[in-house]
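The values are calculated or read from the model by the stated rules, or taken from the named source; none is laboratory data. Note that the structure is a prediction, hence the values are computed from the model and not measured. Note that each Cβ is placed from the backbone with ideal geometry, even for glycine, and that neighbours are counted across all protein chains shown.
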Amino acid sequence: MNSTRSPWAHLGGGHFAYLLRISCKYGVDLKGLLECLWKAWKEGSSARGNMIVQLRMRDDDYGLFLITRGEELVAQLRFNLEELKRMRQLKDSDLSSLVEAWKESEHKRGNKENASRKH
């Protein structure tokens, strides 16, 4: 078992990784996506380009968000308010480093999958 933690594990782990994936796949600025989530938390919905974030349900600590792009369902995610606050406080340079680390890990994963298919 691999005990190496991803650089984003302390930021909500899977939730943050999924945001990284959305950001890279759809070409949406990660900082902008985080700001959309925050605005949706406060106002109920937010948009960035053709991506829309809607707050579907909320209690004191958690929010359930629906992310769409045009008519396409992108994701439905549940975030803890504290996780979201922590993610928003990251500097742009830190976010850029995390995006690059994500892209590198995806590239390595793709290379491993391609190698295993050849054998």
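Brief remarks follow.
- Candidates in segment 67-77 are the residues that are in a strand (DSSP E or B) and either touching a residue at least 40 places away in the same chain (Cβ under 8 Å) or on the phi > 0 side of the Ramachandran plot (or both); of these, the one that is surrounded by the most Cβ atoms within 10 Å (Cβ to Cβ) is Ile67.
- Hey, Leu64 surrounded by 15 or more Cβ atoms within 10 Å (Cβ to Cβ) and either over 24 Å from Ala101 (Cβ atoms) or at pLDDT below 95 (or both) or not: no
- Exactly one residue among Glu100, Glu83 is modelled with pLDDT under 95, of a type in the set (D, E, K, R) and either surrounded by 13 or more Cβ atoms within 10 Å (Cβ to Cβ) or assigned to a strand (DSSP E or B) (or both), and that residue is Glu83.
- Residue in segment 105-117 that is out of contact with any Lys or Arg (no Cβ under 8 Å at 6 or more places or on another chain), modelled with pLDDT under 80, crowded, with 16+ Cβ neighbours inside 10 Å and aliphatic (A, V, I, L, M) present: no
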